[in-house]
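Comments concern the structure below.
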Amino acid sequence: MSTSWLLSTPYSKLNHHFYRRLRPKHRLVYSRDLLFSGTGEQMVTTNSASSSRGAFTTLKERVIFEKEIKKSKFIAIAGHIPDEGSAQSFLLEVRDPRATHNCWAYKVAEQYRTNDDGEPSGTAGKPIHSAIASSGLDRIMVVVIRHFGGIKLGTGGLVRAYGGVAAECLRNAPTCIIKSKVPMGLEVPFELLGALYHQLQSFQAEDIKQDYDTGKDGVTMVTFKVDFDHAQGLEEAIKANCSRDIVFYKH
């Protein structure tokens with residue numbers, strides 16, 4: 001591929017040329033009142049670009065842990081959620097409307113949310129989130145259901161109860177490692193397609209697509225996804241076996 005077009009084309013046009021092929025799916029954002037109800041809710045959202053790539057460990061299956069503390073029955077239910085939108089469905093599936101409290105927390109990359117569901121502020125959701133953070137797991141939600149037994153636990157007792165039950169639930173839960181996929185793209189001359197596809201197959205690239213609308217004769221845009229830890233090796237292999245002039249686009 002000739003680099004003269006890349007060097008002479010304004011950055012904004014290059015960005016549009018690439019972005020219209022690799023733009024991410026729109027994320028549905030729910031209203032706070034629509035998504036979750038209850039008191040003591042806290043939501044924290046930070047830049048998650050760095051943690052959205054690479055590999056992460058999550059729960060392999062849904063797990064349940066029960067414990068009675070001073071006649072109150074605590075039931076912790078934990079499971080994998082792929083994104084924030086899935087938290088609502090998870091909560092609706094596991095919450096017990098007959099229980100005194102359904103407290104919860106989830107973590108998705110650098111984003112997390114907690115809810116005390118009527119317990120004193122900071123005594124339920126935050127300890128559950130602390131248990132999640134300490135476990136090293138990502139993209140999971142833990143709901144702790146409490147059936148009040150008649151004896152008040154106090155602020156410290158509630159923190160220990162909710163945090164402890166959540167931690168016990170996650171301690172021996174079966175886990176799995178999920179490798180994130182990196183969207184990539186490049187423009188390549190037709191005569192190099194054979195060599196390119198050989199490398200894509202060798203590195204187990206997925207979702208491979210071609211777009212001939214590049215505005216240049218004999219050149220096509222190829223987009224694909226590859227495991228995060230294979231991205232650098234694939235790029236080096238393509239440059240070594242196809243052309244050093246190929247420019248890669250990464251989302």
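The values are calculated or read from the model by the stated rules, or taken from the named source; none is laboratory data. The model shown is predicted, which means the values in this text are computed figures rather than measured ones. Please note: Cβ atoms are built from the backbone with ideal geometry, for glycine as well, and neighbour counts cover all protein chains shown. Quick note on the areas: whole protein, heavy atoms, side chains included, nothing else; ligands and nucleic acids left out. Shrake-Rupley method; radii C 1.70, N 1.55, O 1.52, S 1.80 Å.
Among Phe65, Ala78, Val94, whose Cα sits farthest toward the positive end of the charge dipole of segment 59-164 (+1 at Cβ of Lys/Arg, -1 at Cβ of Asp/Glu, about the Cα centre)? The residue sitting farthest along the positive end of the dipole is Phe65. In the assembled protein chains, Leu92 presents an accessible area of approximately 120 Å² (probe radius 1.4 Å).
Taking amide H positions as modeled 1.01 Å from N, with prolines and chain starts lacking one, the residues under 5 Å from Thr175 and 5 or more places away or on another chain are Lys60. When both segment 135-199 and segment 51-105 are represented by their alpha-carbon centers, they are found 11 Å apart.
Here the scattering of segment 98-228 is modelled by Debye summation over its C-alpha atoms, one equal scatterer each and no solvent; at q = 0.18, 0.22 Å⁻¹ the log10 of I(q)/I(0) is -0.92, -1.19. Residues in segment 191-203 carry Karplus couplings, in order, of 5, 9, 4, x, 5, 5, 5, 4, 5, 4, 5, 5, 9 Hz; the curve used is 6.51 cos²θ - 1.76 cosθ + 1.60 with θ = phi - 60°, and Gly or Pro positions show x. With all protein chains in place and ligands, DNA and RNA left out, the 1.4 Å accessible area ranks Lys60, Lys216 as Lys60, Lys216, largest first. Solvent-accessible surface of protein heavy atoms, probed at 1.4 angstrom with all chains present, puts Lys152, Lys179 in the order Lys152, Lys179, largest first.
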